[in-house]
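The structure appears right after this line, and notes come after that.
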């Protein structure tokens, strides 16, 4: 999947997501301009009425309005038919309201289109990010970026950016109209604009820093909630409710303090803005009253300038708000961009899709997680159609072998090779590889769907008989039929309503539905009793006949019927051979066998 956003700036990223919404945003600009023009004409109509209709001052109007007034009989005609002045006020008010409503509707549609594209792209990109990326990032933090940060970006586009457009149009109209009326009063009003911008820039970085701290604290809080909810069984089992509440309170207190700090900064910012706006209005009223008393400014024009001062106060301050909100949105957009910049698993031109029914060969494979060496010069061969068992202690590298085979982790160059049927897996299309390797993990994930849907979720056959056949092989059919709704029973989130053994058996059934040429069971029967384990192993030997099977387990009874068994110790191959050969060697396999035979009380099969 090509990442088209990684090389873009944040502004370029915004423009890209908004590309299909430009007609709506263009309509927003036009409707806003008409609404603002009507709003600005309203005080002029009132001022003209006061000065030239009710009073005797000569009208000062644009040419097209002068012609319109003359067509109505001039000032004398308006005095006789005062309803025309009232109608003009009503028309301006209605036009301003209607086009204002249209601008908000079009802005909302454009913004929702932008937000939908952003969410879709984020989710699609996360789907194709590497397994390593997901293991390196906390789930709660990813969710917070895809929800809260997206909402912050949405508010920035819908409120702040559109407000900038409206403010620019407003200032342009105000400049034209005010300077045409009285240059002195226009300059007085505009003198306060640099002051507002100056204090806004002062707070800009402070707000950004505070918001970054608050946003990160929110991510930590969400991680705590997510871990608590997904680990509810552990919390209940070990009576950790009070501890979890205490830890949540600590995170919540930190989160609250960060937002209180941000609120204090914003409160100071808006408080200073109120003082500046009040000072501006006070100066306009005082100076305007002096000019009116001297007769150099008409009463109607004074009312117009006071109205414009009040009208401009909020939009000019909104420019400051945009700058402060921009710092918050910038943090969220950078966090979103971090995800979009992460390298996704892209299509691999030149890769092949061969049949995966040949020998699996690990040749001198060495692999590490950072500075931690896991596999050290590991070499072995899994003959096609055989059952290959792998045993080893925790941390010996068993699961890493499955991750490398499935290309969940990429084997670096110079660290050996892994081939299937003689083809290096790095030359095999990774999606083809994964579709042909059925992997069952020790901790299977089940979705909040019915049992039947969970079993059929990968194969998507829609065949209830095949689902039951797979369930019978996995020895879970009788358990499912014992449920009140049978195969229509809805599994709780992450399979929380099932036992560990039931989840593992449903996951095994899900893998069997795919009928892949390679099947890997990564300690996927660890939660089963000995009898069920033996029953499933016997069924698997029949059901997977002809497939290459890799069984990973710490239990001898699971591995003993394998064609070949490999023992890993500290990331190296310690022993390899058949069950009987390894017993005769008297090494690690034999020691584990003796321990398990004595603790489980089972007879020996030598």
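Across the range 570-589, which residue is farthest from the chain's Cα centre (by Cα) among those that are part of a helix (DSSP H, G or I) and buried (at least 17 other Cβ atoms within 10 Å of the Cβ)? Here the answer is 583. Each residue in the range 356-372 was checked for being free of Cβ contacts under 8 Å to residues at least 12 places away in the same chain and touching a strand residue (DSSP E or B) at 6+ places or on another chain (Cβ under 9 Å), and 1 of them qualify. Every test in (1) in contact with a helix residue (DSSP H, G or I) (Cβ under 9 Å, 6 or more places away or on another chain); (2) exposed (fewer than 15 other Cβ atoms within 10 Å of the Cβ); (3) farther than 30 Å from residue 14 by Cβ is passed by residue 343 save one, and that test is (3). Cβ separations smaller than 6 Å between residues 6+ apart or across chains give the following pairs from the range 518-534 residues that are more than 30 Å from residue 355 (Cβ to Cβ) to residues that are part of a loop (DSSP other than H, G, I, E, B): 526/442; 532/475; 533/525. Consider residue 485 carefully, then state whether it is touching a helix residue (DSSP H, G or I) at 6+ places or on another chain (Cβ under 8 Å), at pLDDT below 90, surrounded by fewer than 17 Cβ atoms within 10 Å (Cβ to Cβ) and not assigned by TED's automatic domain parsing to the domain that holds residue 403. Here the answer is no, as residue 485 does not meet what is asked. Kindly evaluate residue 404 against the criterion of being over 25 Å from residue 578 (Cα atoms) and crowded, with 16+ Cβ neighbours inside 10 Å. No: the conditions fail for residue 404. For the range 548-569, the set of residues classified as modelled with pLDDT under 90, more than 15 Å from residue 386 (Cβ to Cβ) and not in a helix (DSSP H, G or I) consists of 553, 554, 555, listed by residue number. When the range 439-470 is limited to residues that are free of Cβ contacts under 8 Å to residues at least 40 places away in the same chain and more than 15 Å from residue 515 (Cβ to Cβ), the one that is surrounded by the fewest Cβ atoms within 10 Å (Cβ to Cβ) turns out to be 462. Is at least one residue of the range 199-218 farther than 30 Å from residue 142 by Cα, crowded, with 19+ Cβ neighbours inside 10 Å and touching a helix residue (DSSP H, G or I) at 6+ places or on another chain (Cβ under 9 Å)? Checked against the condition, which is being farther than 30 Å from residue 142 by Cα, crowded, with 19+ Cβ neighbours inside 10 Å and touching a helix residue (DSSP H, G or I) at 6+ places or on another chain (Cβ under 9 Å), the range 199-218 yields at least one hit. Screening residue 397 with (1) under 26 Å from residue 128 (Cα atoms); (2) in contact with a strand residue (DSSP E or B) (Cβ under 7 Å, 6 or more places away or on another chain); (3) surrounded by fewer than 15 Cβ atoms within 10 Å (Cβ to Cβ) gives one miss only, at (3). Hey, can you tell me all the residues within the range 508-543 that are more than 20 Å from residue 391 (Cα to Cα) and either part of a strand (DSSP E or B) or touching a strand residue (DSSP E or B) at 6+ places or on another chain (Cβ under 6 Å) (or both)? Residues satisfying the conditions are 511, 514, 516. Only one of the listed residues (138, 173, 129) is surrounded by 14 or more Cβ atoms within 10 Å (Cβ to Cβ) and closer than 30 Å to residue 45 by Cβ. That residue is 173.
The values are calculated or read from the model by the stated rules, or taken from the named source; none is laboratory data. Computed from a prediction, not measured in an experiment: that's the story for all the values here. All Cβ positions, even for glycine, are placed from backbone atoms using ideal geometry, and neighbour counts span all protein chains on display.
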